[in-house]
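Some notes on the structure that comes next.
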There are 2 protein chains.
Amino acid sequence: MRATVLYAPRDVRVEDRPKPTLQQPTDVVIRTVATCVCGSDLWDYRGINKVTEPTPGGHEYVGIVEEAGNEVTGIKPGQLVVGSFFASDNTCPNCENGYQTSCLHREFVGGAQADYVRVPLADGTLVHVPGDVAEEHLPSLLACSDVMGTGWYAAVAAQVKPGDTVVAVGDGAVGLCAVIAAKELGAERIIAMSRHEPRQKLAREFGATDILAARGEEGVAQVKELTGGVGADAVLECVGTPESMQQALRSTRPGGNVGFVGVPHGVQIDGEELFFSHVALRGGPAPVRAFLPDLINRVLDGRINPGKVFDLELPLDQAAEGYQAMDERRAIKTLLRP
Amino acid sequence: MRATVLYAPRDVRVEDRPKPTLQQPTDVVIRTVATCVCGSDLWDYRGINKVTEPTPGGHEYVGIVEEAGNEVTGIKPGQLVVGSFFASDNTCPNCENGYQTSCLHREFVGGAQADYVRVPLADGTLVHVPGDVAEEHLPSLLACSDVMGTGWYAAVAAQVKPGDTVVAVGDGAVGLCAVIAAKELGAERIIAMSRHEPRQKLAREFGATDILAARGEEGVAQVKELTGGVGADAVLECVGTPESMQQALRSTRPGGNVGFVGVPHGVQIDGEELFFSHVALRGGPAPVRAFLPDLINRVLDGRINPGKVFDLELPLDQAAEGYQAMDERRAIKTLLRP
C-alpha cells in the first residue's frame, strides 16, 4: 500500500509499504477514505522536532473498517468510522474522567497518511458514523478526528460559558476550529488573533466577532481595550510557542481560564506571574474521543462545518506538495485522498 | 501606639509609632483586638525576601472600628470587623467576578501587628461580625482574615467537589486550613502531607483521613498508591517552593486540579510537562473577601474551628518571640494580643 514517510526536514515521500495487519484481538484495520496533514506534523517537517529515522506520517483519518479482531464487538467491517490520534480503551479511570488521551492503555495511532491504518483498542477508540454519509460531510468528519476535537477541548479546558468573551490565539486549523467551539458553547464575543486575510475571513464565517492582527504586548493591549481593561474570560492558546503562551496568559482576566492545545515547544511558565494573574491553565492532547459522538452529530446536522479548514485537497500521491503548501502558509490544511 | 517593625533578617522590634489616621473618606481606623504572624511574614524574616528599610509587620486582623471616613456607609464605629490583607472596592469587574485580590483599586493592608490599623476602602473590605461574639471565637475569626480564607481558596481553585480525593501539600496553618476547606466542600478522602506529629494530629482533627510523611517523588508515589495509580482529584499547594509545586502537579490525576496558594519563590513550570499531565492550575493571593461572610457564619455556627492553628498566644510586646517560635517550627502560628 501507499504511505507517506518523512526522511528528513522537508523530505516527505509517498512509498510502498506493507499493509498493516491485526496484531491484537482488539485491533481493526481500516481502509482510509480521507486523511490529512496536521499543523503538528510541521514540527517534524521543519526539523524543530528531530527526525532520527524514516517516519510514517499522519494521525487523522476517516475510513471504512476492513477487518476486525475477534474481541472487537462494537465496530463491524464495512462501517464508516472516525477515531482520535490516541487509541484508548474508554473504560479506565482516566477515560471515565473524560481524558481518553491519558488512557492507561493509550497508544498513538500513527501512519494514517496511507491506504490502510491499524487502529488499536477499536471499541474504545472509534465512533461509527451512521447512515449514508454525504460526500460533502467527509472533510468535516475528518476534521473531527483532530483539529475540531482539539479546538473543542481548548474551549472546554478554558471553561467557555454562554455570554463569555473569548480570544483564540493562533489562526491555524485548530485556532479556527476553536472559534467554532467557542461559538457553539455560547460565547458572545469571539476575538480571533490573525494577520492573514483568508484566515480572518474564515474566522468570521466560523463566528469571530472581532479580528486583531497585533501580536505580543500590542495584541494583549488591544484585547484589554476590547474588554474594559480587564481581559477576556477565556483564551484558547492554539500555537505552542513561548510568545503565544505569554500572549494568552496576559490576555486573560483575573479568574479567567486559558485552554492550551498547541504542543508547547520551549514554554516555561513563571510561577509568580501565574500566581498574581489569578488565571487558570489547562492543556494537553485533546481527549477527542470524549467529544466525537457530539461533534459528529453537529456535523451531520449541519450545525458546524469545520471541513472548511481544508483549503487544499490532493491525491495521497502528492502529499509532499500538501506539506509544502502548509509550511509556506499557502494552505491552512491539506486533505489527502488515498 | 505600639507596632512591630522588621529591621533586618530575624530582627523584629516592637516600637512606638504614630497612630494611623484617616487619609481618604473611604478609610476606617480600627483598634486591633487580635492579630498574628503569617507564614508569608517568614519570607521577609528569614531574609529570603530582601528587607531594604524598616518595615511594619502583619496583615491579619480582627478589630473594633474606631473612626470612619465620611464616605463609609456600611461599617460603623464600635463594630467588630474582620478584613482581608488586600483592601478592595468590591464593585469593580474583578471584584464582581470574585477576585477581590485583583481589585482594580486594591491596596495592601500592612502594619496590622499594631494597636491600630488603617483599612482603606472599608465598605468593600471589611465584614461586620454581628452580635456578642464569644471570646472563644476570636482566634477563628482572626484565622478567617487570611489562613482560613487562603485554605478555602486553595480548595475552590482546585474545584474540590463532594466525593473527591484531595491532597494538601504543606502542613503550615494554610495547609491545615485547606484540610478544613476540603472537608467542608465534601471531599471524601483527604490526604495531608506532614511529618510533624502535632500538625498531623491537628490535620486529623480537621478532617484528614490519611497522613503521608514522604515528600518529593516518594510522596507522589504514595499518593498514587492510595488513588488506584491515577492521582488525586484535587491537590492544594500551600508552600510555594519548586519542590512543593512539582510534588503537587505530579500527585494530581489527569483532568484534576491544583490550587496553589503558597506565594511562589523560584517556581518555573515546564509547559510540556503541564500539557501532557492534563492537570489544571489556578493560584493567587486568596480573594478572602469573597469567602468572609460564609466563613464567619461557619465559625459562629461552630462548624469550623480554624483558630486551633494558633498554638502560641503572646502579648504584642513579645512579637519577636512569636516570630522566632514559628521560624523554628516550635509554633504553627502565633496570635498576638495588643
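Rule-based calculations on the coordinates, nothing more; no lab input. Model, not experiment: these values are computed from the prediction. Every residue, glycine as well, gets a Cβ built from its backbone with ideal geometry; the counts of neighbours run over all protein chains shown.
See the values below:
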read-out	value
Label point 7 Å beyond Cα along the C-beta direction, distances from B:GLU135 to other copies (nm, shortest first)	9.0
Relative exposure of B:TYR99, B:TYR116, judged by other C-beta atoms within 10 Å (fewest first)	B:TYR116, B:TYR99
Potential lengthening between B:PHE108 and B:LEU300 on full extension [0.36 nm per residue; Cα-Cα distance subtracted]	66.4 nm
Counting all C-alpha pairs of the protein assembly as shown, share separated by more than 43 Å (%)	32
Virtual spin-label span in nm between B:ASP210 and B:GLU272, 7 Å along Cα→Cβ	3.1
Rough spin-label spacing in nm, given labels placed 7 Å along Cα→Cβ, for A:GLU15 and B:GLU197	6.8
Approximate spin-label separation A:ALA221-A:ASP317, in nm, with each point projected 7 Å along Cα-to-Cβ	5.4
In sequence order, calculated HN-Hα J values of the range A:210-224 (Karplus, 6.51, -1.76, 1.60; Hz; x Gly/Pro)	9, 10, 10, 8, 6, 10, x, 4, 5, x, 4, 4, 5, 5, 4
Cα-centred dipole magnitude for chain B, charges only on beta-carbon of K, R (+1) and D, E (-1), debye, nearest 20	320
Calculated label separations, B:ARG204, copies of the chain, 7 Å along the beta-carbon direction, nm	6.8
Binned Cα-Cα distance frequencies in the range A:150-283 - 5 Å width, integer %	2, 13, 25, 27, 21, 9, 2, 0
Packing-based exposure ordering (other Cβ within 10 Å, fewest first) of A:THR165, A:THR125, A:THR55, A:THR150	A:THR55, A:THR165, A:THR125, A:THR150
For the range A:1-97, diffusion coefficient by Stokes-Einstein and Kirkwood Rh (Cα), 4 °C, 1.567 mPa s, µm²/s	85
Label geometry 7 Å along the beta-carbon vector: A:GLY110 inter-copy distances in nm	5.6
Under 5 Å, built H, 5+ apart or other chain: amide partners of B:GLY284	B:PHE260
Integer Hz, Karplus 6.51/-1.76/1.60 couplings in order for the range B:296-307, x for Gly and Pro	4, 4, 5, 5, 5, 6, x, 6, 10, 9, x, x
Proximal lysines to A:LYS161, defined as alpha-carbon separation beneath 17 angstrom and excluding residues fewer than eight positions away on the same chain	A:LYS183
The range B:151-283: relative contact order in percent, alpha carbon pairs under 8 Å with at least 6 residues between	27
Nearest-ten-degree value, helix B:242-251 long axis tilted from longest Cα axis of chain B	50
Highest-fluctuation residue, B:SER251, B:SER102, B:SER145 considered, GNM on chain B with Cα pairs under 10 Å	B:SER102
Residue with peak Gaussian network fluctuation, chain A [Cα springs, cutoff 10 Å], from A:THR35, A:THR209, A:THR52	A:THR52
Exposed trypsin sites (Lys or Arg not before Pro) absent - longest run of chain B, DSSP non-H/G/I/E/B, at most 14 other C-beta within 10 Å	B:51-194
The range B:42-186 - Rg (one decimal) and Dmax (whole number), Cα, Å	16.6, 49
Shape metrics for chain A, restricted to C-alpha atoms - Rg then Dmax, Å	19.4, 60
Convex hull volume per residue for the range B:245-338, taking Cα atoms only, in Å³	158
Two-site FRET efficiency, B:GLN23 against A:GLU243, from Cβ-Cβ distance with R₀ of 60 Å, rounded to 0.05	0.90
Residue-wise HN-Hα coupling along the range B:14-21, computed from phi with Karplus coefficients 6.51, -1.76, 1.60 (Hz; x: Gly, Pro)	9, 10, 8, 10, x, 5, x, 10
Separation of alpha-carbon centers, the range A:177-199 and the range A:35-58, rounded to whole Å	27
Most fluctuating residue given options B:ASN297, B:ASN90, B:ASN305, as computed from a GNM of chain B linking Cα atoms under 10 Å	B:ASN297
